[in-house]
Amino acid sequence: MPASNRLEQIQPYPFAQLERKIQQKRDAGVDVISLGIGDPDEPTPPHIVDAMAAAVRDPGTHQYPSNRGRPQFREAIASFYESRFGVKLDPDVQIVPALGGKEAIYNLNFAFLDPGDVALASDPGYPVYTGGPLLANAKPVLMPLVPDEGFAPDFDAIAPADLERARLMFLNYPNNPTGAVAPDGLFEKAIALAREHGIVVVHDNAYSEITFDGYVAPSFLATEGAMDVGVEVFSLSKTYNMTGWRCAAVVGNPEAMIDYWRLKTNVDSGMFEAVQVAGIEALTGSQDHVQEACATYKRRRDLVIGALHEIGITIDPPKGTIYIWAPVPEGQTSASFCEEVLERSAVVASPGTSYGPNGEGFFRISLTVPDDRLTEAIERMRSSLTA
Ligand SMILES: Cc1ncc(COP(=O)(O)O)c(C=O)c1O
């Protein structure tokens, strides 16, 4: 049965292939440790689970939700944005719930791109920044992130013809996969470019709360002029260990949000109200867990960086996210190195090329496995790579 031409343009989602590969090994009895996927290993904090459990028992949550979301959910997002980022949002206009950041990023393409338009996507970057535009019959144009510039994209390298056709730009700091935090002045430059060329900036803020060493991540929308040109995707997935719950929001420029909401009302029927109640509890309840999670990821980060150093791979500790992005040893490609690590150590690391061609020469390790398994994975890598 032929798939659509639109779908034929894209490969299966990289992590779907990875999951299949891991399963095959596990079926063959191999104890695989996967450091490939960024899915927090700790459970959702109990107060959030309790709020959800009570909400599920309330028949008032069982019917179609409004696509706008509960007023209390939007107010919880607005008050979080104001207290945490100093960003004021009108909950009636500037906030639309999303069934996870991934869904939001995908749908934003359909709200703002026509066939033939260009979307500027960070390379390396979260795969939906390129898959989304392709599925919308638009053209993703890669913006290589420059390691020596703190993994900022080089805007000057974008071809003028692409810039003229650009309607969307995807940015993400703290950054998956590099762990980089927003380089000084980058948001200001992006805003100037967006104004000049009529581009909607989409800042993917999936990791703002997971930072280390005293670094506090800003919202893109706190930068002067950002609200005129952009929206931000804010997800509860990583901060509150809620990846399975599908709870996020798109916030920002009022006109853009009205358009986005128009699209959404035609695409799905909103977020389960009980999940919204849990989201309210996450955002307005105790934040102690977030501090603890950051301490855990920092401990794991330091463990991995120390072990990599011992096998000759030296990197600066990232200030945010749940990832380590490191160069592969001399003479290896991303794919050959990750293949070797999998075969010799039964440890899964992601090849940098899963995040774009500019990820060649790097691999990514996710810190979302318990300390003992992470220690074992690193030990296995160390002994097989130094043997
Ligand atoms: C940069 C980035 N954006 C968005 C997402 C999607 O998160 P979710 O759909 O769970 O909100 C992820 C998940 O790994 C991510 O790394």
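Before moving on, here are some points about what is shown:
- Segment 110-220: translational diffusion in µm²/s, Stokes-Einstein, Kirkwood Rh over Cα pairs, 20 °C, 1.002 mPa s: 151
- Relative contact order for the chain, counting Cα pairs under 8 Å that sit 6 or more residues apart, in percent: 23
- At 0.890 mPa s and 25 °C, Stokes D of segment 246-350 from Kirkwood alpha-carbon radius, µm² per second: 135
- Ellipticity estimate at 222 nm from DSSP helix runs (n ≥ 4, -39,500 (n - 2.57)) divided over the chain, nearest 500: -12500 deg cm²/dmol
- Cα shape, segment 331-387, gyration tensor, a/c 1.5 rule: oblate
- Summing Lys and Arg as +1 and Asp and Glu as -1 over all other residues whose Cβ lies under 12 Å from the Cβ of residue 123 gives a net charge of -2.
- With the highest mean first, a sort of the peptides 367-377, 105-115 on other beta-carbon atoms found within 10 angstrom per residue produces 105-115, 367-377.
- Dimensions in Å of the chain - Rg and Dmax from alpha carbons: 20.7, 61
- Bridge type composition, the chain - antiparallel percent by DSSP, nearest 5: 50
- Take the Cα of residue 216, step 7 Å toward its Cβ, do the same at residue 42, and the gap between the two points is 2.0 nm.
- In segment 204-262, inverting the average of 1/r over every pair of distinct C-alpha atoms gives 12.6 Å as the Kirkwood radius.
- DSSP beta bridges confined to segment 191-254 are antiparallel in about 55 percent of cases.
- When the solvent-accessible area of segment 13-126 is split by element, carbon and sulfur atoms take up 53 percent of it, the probe being 1.4 Å.
- What a 1.4 Å probe finds exposed on segment 316-370 is 53% carbon and sulfur by accessible area, rounded to a whole percent.
- Accessible surface, segment 75-173, averaged per residue in Å² (probe 1.4 Å): 36
The values are calculated or read from the model by the stated rules, or taken from the named source; none is laboratory data. In this text, all values refer to a predicted model and were calculated from it rather than measured experimentally. Cβ coordinates were reconstructed from backbone atoms using ideal geometry, including for glycine residues, and neighbour counts include every protein chain displayed. The protein model used for the area step is the full one, side chains on, heavy atoms only, and it has no ligands, DNA or RNA in it. Shrake-Rupley method; radii C 1.70, N 1.55, O 1.52, S 1.80 Å.
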